[in-house]
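The values are calculated or read from the model by the stated rules, or taken from the named source; none is laboratory data. Since the model is a prediction, treat every value here as computed from it, not as a measurement. Glycine also receives a Cβ, built like all others from the backbone with ideal geometry; neighbour counts cover every protein chain displayed. Calculation scope for accessible area: heavy atoms of the full protein, side chains included, ligands and nucleic acids excluded. Shrake-Rupley method; radii C 1.70, N 1.55, O 1.52, S 1.80 Å.
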Amino acid sequence: MKFNKTRNKVFGAIFIFIVVVAFFFYPTKYYLEVPGSAEDTSQFVKVAGKHDQKKGNLLLTTVGIVNGTPFTLLKSVGNNFETIYSQQELMGDETNEEYLRVQQYYMKSATNNAIQAAYSKADKPFTKKYLGVYVMDVMDNSDFKNKLAIGDTITSINGYHFNNADQFIKYVKKQNKKSTVKIKFTRDDKEKTASGKLVKLADTKRFGLGITLTDNTEAKGKPATKIDAGSIGGPSAGLMFTLQVYSQIANKDLKAGRTIAGTGTISPDGTVGPIGGIEKKVYAASQEGATVFFAPDDPVTKLIKKYEPGYVNNYHLALRAAKKIHTKMKIVPVKNLNDAINYLEKTKQSK
């Protein structure tokens with residue numbers, strides 16, 4: 001009997017140990033979006049082969065995505081700066097590897113837009129080569145499901161060559177919903193073709209190829225600019241990369257010794273667009289000592305209100321986050337590149 005009691009205690013202790021370890025370390029199918037980092041853009045940007053040496057910082061901000069454990073998920077409940085997402089909500093049907101690859105494609109598109117917007121603003125010569133549209137996702141019901149892969153670049157449809165994604169989308173809209181289309185695309189630098197029927201797009205009355213896409217471009221300027229964001233993905237660093245490139249090619253000291261952070265997508269014409277997770281980025285920027293934070297002041301249209309009645313734009317979400325953490329960091333609304341540059345120029349003396 002004594003042996004059995006001892007054995008039961010040992011098994012019980014092992015069971016409790018396994019439960020505790022699982023509670024703290026077992027990965028679930030849920031993810032946490034948490035405050036990431038605030039990185040100095042000068043380390044990623046070279047103009048004429050040189051990094052920016054001016055005092056101060058222009059910080060891009062990131063969110064962190066971590067696999068949730070039972071402990072971290074429970075701990076995050078009620079935390080304003082940690083959001084739980086299921087794998088489906090975060091990645092859809094993509095694998096972790098595919099999701100990260102897509103984020104890298106978005107970053108490449110963002111850096112090319114940043115170069116174009118910066119050189120246009122500085123009135124410096126540049127060339128932009130349009131390569132086609134990146135395939136970012138293929139819907140399950142798409143006729144191209146097993147013909148296209150993430151990262152393919154579509155270069156033409158029915159022999160029609162386009163100059164941007166909008167032209168491509170408009171062309172597809174004009175096609176008969178029962179028609180079969182032929183596309184040319186590149187994969188690993190090899191040209192391929194595929195044909196397929198159009199399919200009904202989810203939550204719309206339109207028909208299309210059933211893919212998610214973004215522009216694949218290559219922008220080059222004089223003096224030459226190179227942006228290497230390393231492992232950082234997504235399009236949200238567009239604004240801050242544009243400010244960094246512009247300050248160097250125009251020889252403008254926008255920083256004036258300050259630590260300036262921000263976020264937002266950038267279009268070639270300088271329009272700043274909204275991003276996700278801005279509350280976490282405000283937190284990261286404040287922790288890094290930023291005194292200014294640029295937040296996209298995206299318009300809340302009637303169409304947005306129709307589908308998302310409770311929608312709050314990036315700027316107001318950033319204001320809420322700043323209030324919650326009691327930061328003295330100034331939240332500055334920006335609709336375009338000029339808004340950010342004008343603010344930095346006007347506030348140089350009050351740093």
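Just a few scattered comments:
- The apolar share of the surface of the stretch 225-318, taken as the fraction of accessible area on carbon and sulfur atoms (1.4 Å probe, ligands and nucleic acids excluded), comes to 50 percent.
- Taking all protein chains as they are arranged and a probe of 1.4 Å, the heavy atoms of R206 leave approximately 100 Å² accessible to solvent.
- Computed accessible area, T61, all protein chains, 1.4 angstrom probe, square angstrom: 10
- For the set V66, V77, V102, the ranking by accessible area, highest first and with no ligand, DNA or RNA atoms included, is V77, V66, V102 under a 1.4 Å probe.
- In this structure F25 has an accessible area near 150 Å², from a 1.4 Å probe over the protein heavy atoms.
- Residues L317, L344, sorted by accessible area with the largest first, give L317, L344 [1.4 Å probe; ligands and nucleic acids excluded].
- Kyte-Doolittle mean at least 0.5 and Cα axial length at least 27 Å: DSSP H helices in the chain: 2-25
- Residues whose placed amide H lies under 5 Å from that of A295, excluding near-sequence neighbours: V332, V334
- The amide H of L213, built 1.01 Å from its N in the peptide plane, has M136 as neighbours under 5 Å, considering only residues 5 or more places off or on other chains.
- Gained length - K252 relative to D228, 0.36 nm times residue gap less alpha-carbon distance: 6.5 nm
- Entries in K252/K335; K46/K335; K46/K323; K197/K305; K252/K305; K173/K281 that, when Cα-Cα distance is taken, lie over 29 Å: K46/K323; K197/K305; K252/K305; K173/K281
- Residues with amide H under 5 Å from that of T259, placed H, sequence gap 5 or more: N57, T291
- Of the residues I115, I227, ranked by 1.4 Å probe accessible area with the largest first, the sequence reads I227, I115.
- FRET E, pair S156, S267, Förster distance 22 Å, beta-carbon r, rounded to 0.05: 0.40
- Point-to-point label distance, K205-L131, nm (Cα→Cβ direction, 7 Å offset): 3.8
- Residue-normalised accessible area of the stretch 234-351, given per residue in Å² at a 1.4 Å probe: 46
- Using C-alpha pairs under 8 Å with a sequence gap of at least 6, the mean separation divided by the residue count of the chain gives a relative contact order of 21 percent.
- If you take the Cα centroid of the stretch 295-351 and the Cα centroid of the stretch 202-217, the two points sit 29 Å apart.
- Phi to ³J(HN,Hα) by Karplus 6.51 cos²θ - 1.76 cosθ + 1.60 over the stretch 298-303, Hz, x for Gly, Pro: 5, x, 9, 7, 4, 5
- The chain: C-alpha gyration tensor shape, a/c 1.5 cut-off, then a/b vs b/c: oblate
- Look at where the Cα atoms of the stretch 91-164 and of the stretch 12-83 average out, and the two centres are 27 Å apart.
- Share of carbon and sulfur in the accessible heavy-atom surface of the stretch 81-127 [1.4 Å probe, %]: 46
- Cα gyration tensor, the stretch 39-186 - rounded (a/c under 1.5), prolate or oblate: oblate
- Only lysine pairs 8 or more places apart, or on different chains, with alpha-carbon atoms under 28 angstrom apart are counted in the stretch 49-136, and they number 16.
- What the Cβ-Cβ distance of T301 and K323 gives, at R0 = 22 Å and to the nearest 0.05, is a FRET efficiency of 0.30.
- Anisotropy class of the stretch 185-271 from Cα gyration tensor, a/c 1.5 cut: prolate
- Residues in the stretch 51-154 average 49 Å² of solvent-accessible surface per residue, probe 1.4 Å, ligands and nucleic acids excluded.
- Estimated from the Cβ-Cβ distance and a Förster radius of 25 angstrom, the FRET efficiency linking H316 and N79 is about 0.80.
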